[in-house]
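Here is the structure we will look at.
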Amino acid sequence: MEEAEYNDEGLKKLLAKWPGRVGAVLVAVTLLFAGAGAVRWRPGRRPEPPRLTKEAHGAGPLRAGAAEVPLILPKHAPVAGFPRLSWPDHGIRDPVAVRALVLSEPGCSIALVSAEIMLVPGKLGHAVERAVKDLGLDLVLVGATHTHSGPGGYWDEPFGERLATGPYDPELFEAYVGAMAAAVRVAVKTQVPAYLSVARDRWPTYARNRAGSHEPVDGHLVDLRIRDQAGGDLSEVIVFPAHAAILDLQNRKLSGDWPGFLMRAGHGVRLYFQGALGDQSPHLPGDAPIPTPDVYARALDHHLGSLELSPGDPWPPLSMASADALLPEVELGATPPFLRRMATNLLYHLMPARGRVSALRVGPVVLLAVPGEPVAEIGSRWRKAIGPDAEVVSLMGDYLGYIETSEHIAEELGETPRTYYGPELADRLEAALQAAAEAARRETEEK
C-alpha cells in the first residue's frame, strides 16, 4: 500500500512537469525549423542572359497539313483539374481529342499540337518531340486547352498528381504521347500548298478578371485561317484567354469544356490555345452565369464569324526561334513566409531550373509560346516590350505555374498563391521571349 502511494505520487509529479517539457520540445522544434528555414542550403540563381537555342527561317511557298485524333485511352483516367479524394472518371460527357497543324516552307517546319488536357508537363512535351524526331521538324510545340474536366494521369510529380491531374499512370502517359505523335504524323503526310489569312481583335466582353473588377481584362484574340489552293478550309488556329472551367469540381465526366465545343465547330481542323489567361475567366455580356460550355462556345464561334480576315497569302513569313532562360529560385506563393526558405531548399531539384520559350512568326503575327499561365497584366507588359505584332500563347511545352507581377507577389495579391517561382520569373521569361522574337523576325535571303 505504501509502495502504491509512492508510485502514485511520483506519477503525479511527472505529469505536473510534462506540459512544460512538451512546451519546451515544441519551442525547440519551432526554433529548429525557423533556423533551418533561414539557412540557404542551395546556391542562388543569379540572373544571366537568355541563351538562343535554335532558329529556322522559311523561304518559299507555304504548305500545311492538319489532323484530328480522338483521345481514346486504354483505361479509365482521372478527371484532371481540381484536387479530389476520388479520381476515376464516371464516363464521357463529350469526346476529347488531339489536333495537330504542320506549317512548312523550305528552311522551316513547325508542328503545333492542341490537346484537350489541363496542362503539358515537360516530360510529356519532350516525349512527343522524341516520338516524331525522325520527321525532321524544326519545332514541335504541344499546348493544352486547359480544360479542368479533361483526362489526367500524365504528370509524374507528387504535388501535381494530388492537386491537379490525379495519380500518374505510365500506360496512360504513353497513350497521350501516342495520340499526339500520331496527329503530327498524319498532319505531315497530308501537307498541301496553302494560303494564310489572319485576323486579330479584342473581346473584353467575353472574359472577366477573377481577381476583381479593378484588375485588367485581356480579351486578345488571334485567328489564323489556312486554306488550300481551291479555297477549302484546312485548319484554323484560335488564341483567346479564358479558363476552361465552366464545368466545376462536381463534374465527374470527361470533357473538353468550352474549348472542345469551339474546336468541333471550326473551319477544317480547328486548334485552340490559351492566351494570357492566368486571371481570366469566361464571361458573356450581362450578369447571368454561363449555363453550359456549349453556350459559351457558340457565342465565341458566332463572333469569330464576324471577323474580317486578311487576304490569303501563299508565301507568308514563317520562322521560329527558341530561347532558354535560367529561372529564379522556387518560391511557392502558397507557403507561409517563415517556411518559404525551407520549401525552396527542399524543392530546389524537384522543379525545373531552366525554362524554354519560343517565338513563332506566322505571317504578320509573332506568337510567344510560354510554359505557364501569365496573368493579363504580364501579357500586356510582354506585348509592349516585344512589339505590336506579338501575341501570348500560354501552357506550351512545360508547366512553370502562374506568372504574376512582382507587385502582386510582394503584396500577396492576385494569383500569388498559385505561383511556383519568385517575383523575377516574369522578367526572366520576358528577356528570353525578346531574344527569341528578335531572332524569329530576322530577314532571310531574298526569295
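The values are calculated or read from the model by the stated rules, or taken from the named source; none is laboratory data. Not measured: the values here are computed from a predicted model. Positions of Cβ are backbone-derived with ideal geometry, glycine not excepted, and every protein chain shown enters the neighbour counts.
Here is how the numbers come out for the structure above:
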| quantity | calculated |
| --- | --- |
| Near pairs, Cβ below 7 angstrom, 6+ apart or cross-chain, from segment 255-276 (within 15 Å of H148 (Cβ to Cβ)) to any residue that is in a strand (DSSP E or B) and β-branched (V, I, T) | S255/T147; G256/T147; D257/T147; P259/T147; G260/T147; Y272/I238 |
| Pair list, Cβ < 7 Å and 6+ apart or interchain, from segment 169-198 residues that are more than 30 Å from V79 (Cα to Cα) to residues that are assigned to a helix (DSSP H, G or I) and hydrophobic (A, V, I, L, M, F, W, C) | V188/L135 |
| For E105: the one exception among (1) surrounded by 22 or more Cβ atoms within 10 Å (Cβ to Cβ); (2) among the charged types (D, E, K, R); (3) farther than 22 Å from P282 by Cβ; (4) under 19 Å from the mean Cα position of the chain (by Cα) | (4) |
| Neighbours by Cβ (under 7 Å, 6+ apart or cross-chain): first from segment 83-95, of a type in the set (A, V, I, L, M); second part of a loop (DSSP other than H, G, I, E, B) and surrounded by 11 or more Cβ atoms within 10 Å (Cβ to Cβ) | I92/K253 |
| Residue count for segment 256-296, restricted to those that are within 24 Å of R418 (Cα to Cα) and not in a helix (DSSP H, G or I) | 13 |
| Residue tally, condition part of a strand (DSSP E or B), over 19 Å from S109 (Cβ atoms) and acidic (D, E), over segment 185-241 | 4 |
| Residues of segment 220-267 satisfying the condition of being in contact with a Gly (Cβ under 9 Å, 6 or more places away or on another chain) and among the small types (G, A, S) | G231, G232, S235, A242, A244, A245, S255, G256, G260 |
| Test: E161 is assigned to a loop (DSSP other than H, G, I, E, B), modelled with pLDDT under 95 and either surrounded by 15 or more Cβ atoms within 10 Å (Cβ to Cβ) or among the aromatic types (F, W, Y) (or both) | no |
| Unique match (being at pLDDT 95 or above and assigned to a strand (DSSP E or B)) among L433, L429, L368 | L368 |
| Selection from segment 71-104 of residues that are of a type in the set (V, I, T) and part of a strand (DSSP E or B) | V79, I92, V98, V102 |
| Positions within segment 195-240 being of a type in the set (D, E) and either crowded, with 19+ Cβ neighbours inside 10 Å or closer than 15 Å to L112 by Cβ (or both), in sequence order | D218, D223, E236 |
| Among residues of segment 254-281, those that are within 17 Å of G212 (Cα to Cα) and surrounded by fewer than 24 Cβ atoms within 10 Å (Cβ to Cβ), counted | 1 |
| Matching entry among L103, L119 (being within 19 Å of F261 (Cα to Cα), touching a strand residue (DSSP E or B) at 6+ places or on another chain (Cβ under 8 Å) and modelled with pLDDT of 95 or more) | L119 |
| Residue within segment 350-364 that is under 17 Å from V142 (Cα atoms) and hydroxyl-bearing (S, T, Y) present | yes |
